[in-house]
Amino acid sequence: MSNVMDNFNWLYGKPGCQGRIKVLPEHFVVKENLGFDFAGSGEHFMVKIRKTGENTKYVVNELAKACGVKSRDVSWAGLKDRHAVTEQWLSVHLPGKPDPDLTHFVAEHPGVEVLETARHDKKLRPGDLVGNWFQLRLTDLDMPQDVITRLEQVNLHGVPNYFGEQRFGHNGNNVVKARSWGNDEFRVRDKSKRSFYLSAARSWLFNMVLSSRIEQGKVHTLMAGDSLQQDGDERGQIVESVSAELQQQVDDGSMAITAPMMGDNALPTTADAEAFEMAVVEQEPLLLKLIRDNRMRHERRTLLLKPQQMEWQQDGNDLTVSFSLPAGCFATAVVRELMIERELEDGDHANFDQ
């Protein structure tokens, strides 16, 4: 089975174990963590839902109908996958109106439960969350002990902070379209498509740089000119000269090496790191052209992702694994270091969201 992520290197080598993920929705549980409390009053009606087998946008449309508003009046912090059991908050703009009765909404949608409601003075916007907690059941593993060994490594050293395959579309189609757009083969006026293609282009270049650092054994090792990020502080620090002290800070996790989310402005990196990054991204001139033509602003993203609260339990040839990830990070980045997903009998490939 073709997998667009096979273009990128594994940190611990390609897994030898094959297995399945998300055979049933309850094998993939996601709980959103907003990281803030609601005001308790305001014109936004907050609804915490648990949904099974439904995607976020469908539930948003149905909730809007139940509340007597347009779909654009319902917002969310993050989209959650359909083929899973997910908990998340939605906000409904209801200025001057009482809390609606959602009894019929729940009765008409057996895949949706309302867990809590509240009031807040601000709407939810995409990205208004600190992260997600995941519980995954990996089933039919042919080498479960190999997965456990890898889990121990991941718990200690993390995984590559790759953007997952869903960012790139089916068979990488979003990247293909981005290259064509960059080559001026067509124009993209639809805002959502523009966002998909530009996001795919930047994410693909980031993954390329990260994969190259893994290949050359530089994912843990400082290079002169690297841009470092301190935990909780997005301002970068440039490595003017590699020192044992700085390397120790990287090793103990207090500082993190970053790679580029390309923009039209100059890289902040210098010396060896800048040369390294440019040599990689210039292999995709059409994606670079697209990003620059659209005046994207440069950002940085850490090379490594270390799951928190990581636990696992074996049940025969199955493993239940739980962990927390920051917003914008992908559970696929963890799973791909553990096992190779076996193709389902109907040929469908289970994809899941961040």
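The values are calculated or read from the model by the stated rules, or taken from the named source; none is laboratory data. The structure presented is a predicted model; accordingly, all values stated were derived computationally and were not measured. Methodologically, a virtual Cβ is constructed for each residue, glycine included, from the backbone with ideal geometry; neighbour enumeration extends over all protein chains shown. Ligands, DNA and RNA are stripped out before the accessible areas are found, and what is left, the full protein with its side chains, is counted by its heavy atoms. Shrake-Rupley method; radii C 1.70, N 1.55, O 1.52, S 1.80 Å.
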**Asked** Each label point is 7 Å from the Cα along the Cα-to-Cβ direction; what then is the distance between the points at R295 and D315, in nm?
**Response** 5.4 nm
**Request:** Note down the relative contact order for segment 251-311 as a percent, whole number, built from C-alpha pairs under 8 angstrom at least six residues apart.
**Result:** 55 percent
**Request:** Tally up the carbon and sulfur contribution to the accessible surface of the chain as a whole percent, 1.4 Å probe, everything protein left in place.
**Result:** 44 percent
**Asked** What accessible area per residue comes out for the chain, rounded to a whole number of Å², with a 1.4 Å probe?
**Response** 49 Å²
**Message:** Over the chain, with a Gaussian network built from C-alpha contacts below 10 Å, which listed residue (A64, A266, A200) shows the highest mean-square fluctuation?
**Reply:** A266
**Complete:** log10 I(q)/I(0) for segment 44-88, Debye formula on C-alpha points only (no solvent), q = 0.16, 0.29, 0.32, 0.34 Å⁻¹, two decimals, reads -0.38, -1.15, -1.30, -1.37
**Message:** If packing is taken as the average count of other Cβ atoms within 10 Å, what order do 243-254, 178-189 fall into, highest mean first?
**Reply:** 178-189, 243-254
**Item:** In Hz, Karplus ³J(HN,Hα) per residue of segment 64-76 (6.51, -1.76, 1.60; θ = phi - 60°; x = Gly, Pro)
**Value:** 4, 4, 5, 8, x, 10, 7, 4, 5, 8, 10, 9, 8
**Request:** Mind checking which of F105, Q309, S192 is farthest towards the positive end of the chain's charge dipole, using Cβ charges of +1 (Lys, Arg) and -1 (Asp, Glu) about the Cα centre?
**Result:** S192
**Two-decimal Rg/Rh across segment 36-120, once Rg and the Kirkwood Rh are taken from alpha-carbon atoms** = 0.93
**Request:** Mind pulling up the Rg/Rh value for the chain? Radius of gyration and Kirkwood radius, both on Cα.
**Result:** 0.98
**Complete:** Applying the gyration tensor rule to the Cα atoms of segment 136-182 (axes a ≥ b ≥ c; rounded if a/c under 1.5, else prolate if a/b exceeds b/c, else oblate), the class is prolate
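Give me the dipole magnitude in Debye, nearest 20, for the chain about the Cα centre, with unit charges on the beta carbon: positive for Lys and Arg, negative for Asp and Glu. Don't jump to the answer; show the numbers that get you there.
Numbers: 41 positive and 52 negative charges, 289 e Å.
I would put it at about 1380 debye.
Shape verdict for segment 204-354, please, from the Cα gyration tensor: rounded (a/c under 1.5), prolate (a/b greater than b/c) or oblate. Kindly include the intermediate steps, with their values, before the conclusion.
Numbers: a/c = 2.22, a/b = 1.41, b/c = 1.58.
Cα axes put segment 204-354 in the oblate bin.
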**Request:** Provide the gained length on full extension for the span H220 to D121, in nm with one decimal, where the gain is 0.36 nm per separating residue minus the Cα-Cα distance.
**Result:** 31.3 nm
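Mind ranking Y58, Y197, Y162 by accessible surface for me, highest first, 1.4 Å probe? All intermediate terms of the calculation are to be shown ahead of the outcome.
Numbers: Y58 90, Y197 25, Y162 0 Å².
The most accessible residue leads, giving Y58, Y197, Y162.
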**Request:** List the extent of the Cα atoms of segment 156-234 along each of their three principal axes, largest first, rounded to whole Å.
**Result:** 43, 28, 25
**For segment 162-302: relative contact order, % (alpha-carbon pairs under 8 angstrom, 6 or more apart)** = 28 percent
**Request:** Compute the normalised compactness of segment 163-206: alpha-carbon radius of gyration over 2.2 N^0.38 Å, N being the residue count.
**Result:** 1.04
**Request:** Treat every Asp and Glu Cβ in segment 18-163 as -1 and every Lys and Arg Cβ as +1, leave all other atoms uncharged, and give the resulting dipole magnitude about the Cα centre to the nearest 20 debye.
**Result:** 400 debye
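Taking all protein chains together and a probe of 1.4 Å, list E234, E62 from the most accessible to the least accessible. Walk me through the numbers before you get to the answer.
On the way: E234 160, E62 35 Å².
Descending order: E234, E62.
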